[in-house]
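Q: This is the structure I want to talk about, given as structure tokens.
The values are calculated or read from the model by the stated rules, or taken from the named source; none is laboratory data. This structure is a prediction, so every number in the text was calculated from the model and none was measured. As a convention, Cβ positions derive from the backbone with ideal geometry for all residues, glycine included, and neighbour counts pool all protein chains shown.
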Amino acid sequence: MITVYGIPNCDTVKKARTWLTQHGIEHQFHDFKKQGVPEVALDQWLSNLGWERLVNRKGTTWRKLDETRRELVTDANSARALMLEQPSVIKRPLVLWAPSGPDCLTVGFDSTEWQRRL
């Protein structure tokens, strides 16, 4: 089962979920706002993707942080703490395509890449 992680009001998450539905792809949605960030999964994401790919430095949540707080995000541990505290700072959608493997996760929505996967 494909799992889409994100927040429901994110335009990119909406596009991704709509695309999956239109292509008849069964998936489940994990809402960071309601369900939180699963810590064990976050550790796997950090290990597989790296903290730099997971922190959305172009998003509103990042920009609203004071400069001192942003400067404290310098490694996986500090990024992890921020992502648990402010889930909206995670790039979205984060998609778990398979339970394991080197290519089981993607960040963002790219219809060409997603079509290739299917």
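To keep it simple, each residue is scored yes or no on (1) surrounded by 12 or more Cβ atoms within 10 Å (Cβ to Cβ); (2) among the aliphatic types (A, V, I, L, M); (3) touching a Pro at 6+ places or on another chain (Cβ under 9 Å).
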| residue | (1), (2), (3) |
| --- | --- |
| VAL4 | yes, yes, yes |
| ASN9 | no, no, no |
| THR12 | yes, no, yes |
| GLU26 | no, no, no |
| ASP31 | yes, no, yes |
| ALA41 | yes, yes, no |
| THR60 | no, no, no |
| ARG63 | no, no, no |
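Q: Still on this structure: If TRP51 satisfies every condition in (1) more than 17 Å from the chain's Cα centre (by Cα); (2) of a type in the set (A, V, I, L, M, F, W, C); (3) modelled with pLDDT of 95 or more but one, which is the exception?
A: So the condition that TRP51 fails would be (1).
Q: Is there a residue in the stretch 11-32 that is of a type outside the set (A, V, I, L, M, F, W, C), modelled with pLDDT of 95 or more and under 19 Å from ARG80 (Cα atoms)?
A: yes
Q: Within the stretch 51-67, is there a residue that is within 23 Å of ASN9 (Cα to Cα) and in contact (Cβ under 8 Å) with a residue 40 or more places away in the chain?
A: Within the stretch 51-67 (the criterion being within 23 Å of ASN9 (Cα to Cα) and in contact (Cβ under 8 Å) with a residue 40 or more places away in the chain), the answer is yes, since at least one residue qualifies.
Q: Regarding LEU42, is this residue touching a residue at least 24 places away in the same chain (Cβ under 8 Å) and either of a type outside the set (D, E, K, R) or over 21 Å from TRP114 (Cα atoms) (or both)? Full working, then the answer.
A: On the way: touching a residue at least 24 places away in the same chain (Cβ under 8 Å): yes; either of a type outside the set (D, E, K, R) or over 21 Å from TRP114 (Cα atoms) (or both): yes.
Yes, satisfied.
Q: Tally the residues that are in contact (Cβ under 8 Å) with a residue 24 or more places away in the chain and small (Gly, Ala, Ser), restricting the search to the stretch 79-91.
A: 2
Q: Continuing with this model, one more query. From (1) of a type outside the set (A, V, I, L, M, F, W, C); (2) modelled with pLDDT under 95; (3) in contact with a helix residue (DSSP H, G or I) (Cβ under 9 Å, 6 or more places away or on another chain), pick out the condition that doesn't hold for GLN44.
A: (3)
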